[in-house]
Amino acid sequence: MIRLWQYIILTVVVVLLALPLPSWAAKNPSHLFFSHSLLQGRDFSNQSLPAAEFANSNMELAKFDHSDLEGAIFSKGILTKASLKQANLTYAMLDQADFTEADLSDAVLVEALFFGSTFHHTKIIGADFTDALLDREQIRQLCQVASGINTTTGVSTRESLGCR
């Protein structure tokens, strides 16, 4: 069963990488490359970082509050105790990332990819997960703590996750 999920995730990632860049990425190439970096405690708040790459980076205690991270790549990132309050993470790749004790309050996570990511004690009050790619266990776990309405999109966190 695990191998099947690994195959499915790999297939989705390969297909996504093969697609042409969305119009926002073609118009705003940031070319910021922070992958494989030690970024603990760094402050990226209030910055425009569309399509920036943070894959395989340690961002423990980093701050991304109020930042535009549309289409950014955080694959396999360590975001333990990181703050992403009111960040725009639309279309972001957040697969296999560790969000333990991270703060995603009021973040916009529309159509973001989260396969294999962990959410232990993660704050998601007002976060908008509309059309985000999450597995059933992630949704179950997040629905246990989901509350609030996103101030940017007006969507309830529970509704965006499809909580019952």
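The values are calculated or read from the model by the stated rules, or taken from the named source; none is laboratory data. Note that the structure is predicted; figures quoted are calculated from it, not measured. Surface accessibility is based on the protein's heavy atoms, side chains included, excluding ligands, DNA and RNA. Shrake-Rupley method; radii C 1.70, N 1.55, O 1.52, S 1.80 Å.
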Assign one of three labels to region 19-154, namely rounded, prolate or oblate, based on the Cα gyration tensor with a ≥ b ≥ c the square roots of its eigenvalues; rounded applies when a/c is under 1.5, prolate when it is not and a/b is larger than b/c, and oblate otherwise.
rounded
If you count only protein heavy atoms with a 1.4 Å probe, what accessible area per residue comes out for region 27-140, rounded to a whole Å²?
44 Å²
Carbon-plus-sulfur fraction of the accessible area of region 54-145, 1.4 Å probe, in percent?
49 percent
Of His36, His66, which has the most accessible area and how do the rest follow, probe 1.4 Å?
His36, His66
